[in-house]
Amino acid sequence: MRAIIRMLAAFLRLFYQSVYLALGQIWTNKTRSILTTIGIVIGVASVTAVIAALTGLKAKVLNQVESFGTNTIFIFPTQPDKGPMRHASWWTIRFLPEHFDDILEHCPSVERFSRIAGVGRYTAHYREKSAENVEVMGIEPAYHEIQNRPVSLGRKISVIDNMQVRPVCLIDPKLRDELRLDRDCIGQTIRIGHHTFRIVGVIERQPELQLGESGQERYEVFIPFRTTFKMGKPWIMAFAASKGTEVTEEAQAEISFFLRRTRNIKPGEPDTFRVESVKRFMDTFNSIALMVTLVAGGVVGISLLVGGVGIMNIMLVSVSERTREIGLRKAVGAKKSAILTQFLIEAVVLCFIGGLVGVGIGQCLTMIISGINPVLDMVYIPAWAILLSFSFAGSVGIFFGMFPAIKAARLDPIEALRHE
Amino acid sequence: MTEKAEKLIIRLQEVTRIYKVGVEHIHALDGINLELGENEYVAVMGASGSGKSTLMNVLGCLDRATSGCYELDGQDTTKMSDATLARIRNERIGFVFQSFELLGQLSALKNVEMPLIYSQNGWWSRHMRAKNVLERVGLGDRIKHKPNQLSGGEKQRVAIARALVCNPSILLADEPTGNLDSKTSEGILDLFDQLYREGQTIIIVTHEEHVALHARRTIHMRDGRIYSDLPRDQDPAYNTTMQEDAREEPE
């Protein structure tokens, strides 16, 4: 035991000494060291920046999805990949309101359900003021819970609104401000297209995931589902919420089964609609993120490889420059292993310094990216990415430093001391 | 053979060292027999190619004899592994080179500490031992100086301190005054005399008679063999070489 501790202490001393010598060596050859480590610096900086940006984006998207609720299911018509309905017009495959009748009774895993009717974009008027790009959507009461869109003022769209086809609406706060309505605008009436609606509530805006598209402001107005039929022929889809994340897939299957029956799709024929969950969307997003990470990783791998070759080259130069020193060290009692350790550590220290600078530059890059793109808040390089880059840089140092270090360790002390 | 000291430090028996150059075999050492006791001061002389450097390398465990037996402090070194030889060099042998071989980026103290890094010594003991030995060679006030801030003589003193720091059995000096002017050389040789008086065994390889004059025993080599091995007062070469030296100005 004592012997092991002594050996460990001796190694630590050698290690410390080697690090000290390596830093001295790097300091004396500053320019050379900087040029040598640039490959490593670029590699580490790019990988950390990419990972940081991706992590930030992912956190943002997850946040968004969580605001939807992770058990949300989207139901919308679509042409199948094959079969006679492949080229069917959108109108043929559209949903009808009665397709969804009694869906809750037939789908035990579904907690809430709301049909959505999109009637397009209109211009809203209030007195002299008007606002373009107003998206009008017909909803049922469950929509508020499914989409996590509570009202901040007034009341929600109710079952009675739907039954009586009332001309009432919810507006978003931005539209209220744009139209210069009162702060408490409940009871005021606005004109949308050729129809007049009484405002019953103000609905909170959704946290927006704006990727580039920022130009024109978009407003939302929600009216009762059945009221949309007075405005024209609505495009119908539906949102549902499963009873829990774990039964989301069952809920999807139940909805599919139910809709195939109500839409008279014969067995063997493909679906003319899609039942998608947020989970699947997340899976897709994750796999894309993973792919980007892998591609970035590959690029970085190549860059580290190039950097490693640079390190190897400079270490070979260092060994031949310091041949006499190696000879001397051997003469005063350095074993092969000591010389090997010294040069290996020098290479690793060089790589670590490269890694350190790389992480710093990566963080700067990340800050620049998040400065340019408002989608990303202040993002930081995750700890695991820093650890990963360091261990990678260290491995590169060991891998490419090994050959020069072995060369140094195998030098014959007599020859080395005679070296000019 | 000269009188034997009580304890033998070095014993060479029929040591040869043969280099292969192409198909040719060069006998750098050709059957050397040598015994060296404690606290001897030996000068090894000879023309270049006489084998004195090879002898030096073998004595210093930097090189292995091709055949024969080399005992250092009673241990046969010919069968030792490279790692053991490294330890022997560290603990028993101190090298002094013609061109000092100091590391330019390290202070005098750190240079002297270097051999101790390779043996098991704590930071403090390293520091103290290096400091003491630097004081012993008269450089107690220059320990923080880097080699480029030291004169040639001072550099060689640092190198001697480095050789002494592990308390070696033998101090091997290869042309220690070769790069120094004659006045500085005398200072270094006085230091060797002082170390000899303190009990150190010293072997100096040189081709300068006035350097060899300081030693108590002189070994002349020629063609890989010991040509003469005499204590100073019996060496007939002395008076004549002294006169030669007086005639030919040293470079």
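The values are calculated or read from the model by the stated rules, or taken from the named source; none is laboratory data. From a predicted model like this one, the values you see are computed outputs, not experimental measurements. Ideal geometry is used to build each Cβ from the backbone, glycine not excepted, and the neighbour counts take in all protein chains shown.
Computed values, structure above
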read-out: Helices (runs of 4 or more DSSP H) completely within the stretch B:56-162 that count 1 or more residues being in contact with a His (Cβ under 7 Å, 6 or more places away or on another chain); value: B:108-117
read-out: Checking B:I117 against (1) in contact (Cβ under 8 Å) with a residue 12 or more places away in the chain; (2) more than 24 Å from B:A43 (Cβ to Cβ), the condition it does not meet; value: (1)
read-out: Strands (runs of 3 or more DSSP E) contained entirely in the stretch A:144-201, each with at least 1 residues that are in contact with a helix residue (DSSP H, G or I) (Cβ under 8 Å, 6 or more places away or on another chain) and in the same structural domain as A:E217 (by TED's automatic domain parsing); value: A:151-154, A:168-171
read-out: Conditions (1) modelled with pLDDT under 80; (2) more than 30 Å from B:Q120 (Cα to Cα); number of the one not met by A:G24; value: (2)
read-out: Residue check for A:M85: more than 13 Å from chain B (Cβ to nearest Cβ), modelled with pLDDT under 85 and not in a strand (DSSP E or B); value: yes
read-out: Any hit, the stretch A:257-276, residues being without any contact (Cβ under 8 Å) to a residue 40 or more places away in the chain, touching a strand residue (DSSP E or B) at 6+ places or on another chain (Cβ under 8 Å) and either surrounded by fewer than 13 Cβ atoms within 10 Å (Cβ to Cβ) or under 26 Å from A:I160 (Cα atoms) (or both); value: no
read-out: Test: residue in the stretch B:43-55 that is under 17 Å from B:I9 (Cβ atoms), assigned to a loop (DSSP other than H, G, I, E, B) and either among the small types (G, A, S) or touching a residue at least 40 places away in the same chain (Cβ under 8 Å) (or both); value: no
read-out: Subset of the stretch A:297-326 [at pLDDT below 85 and hydroxyl-bearing (S, T, Y)]; value: A:S303
read-out: Residues satisfying the stated conditions in the stretch B:86-101, i.e. facing another protein chain (nearest Cβ under 9 Å) and not aromatic (F, W, Y); value: B:A86, B:R87, B:I88, B:R89, B:N90, B:E91, B:I93, B:G94, B:S99, B:E101
read-out: Residues of the stretch A:21-32 that turn out to be more than 9 Å from every other protein chain (Cβ to nearest Cβ) and within 15 Å of A:L344 (Cα to Cα), as a count; value: 3
read-out: The stretch B:102-125, subset facing chain A (nearest Cβ under 7 Å) and within 20 Å of B:G140 (Cα to Cα), residue modelled with the lowest pLDDT; value: B:Q105
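Rundown of residues vs (1) within 25 Å of A:G358 (Cα to Cα); (2) more than 39 Å from the chain's Cα centre (by Cα); (3) in contact (Cβ under 8 Å) with a residue 40 or more places away in the chain; (4) not in a helix (DSSP H, G or I), yes/no style:
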site: A:A10; (1), (2), (3), (4): no, yes, no, no
site: A:Y16; (1), (2), (3), (4): yes, yes, no, no
site: A:I38; (1), (2), (3), (4): yes, no, yes, no
site: A:T48; (1), (2), (3), (4): yes, no, yes, no
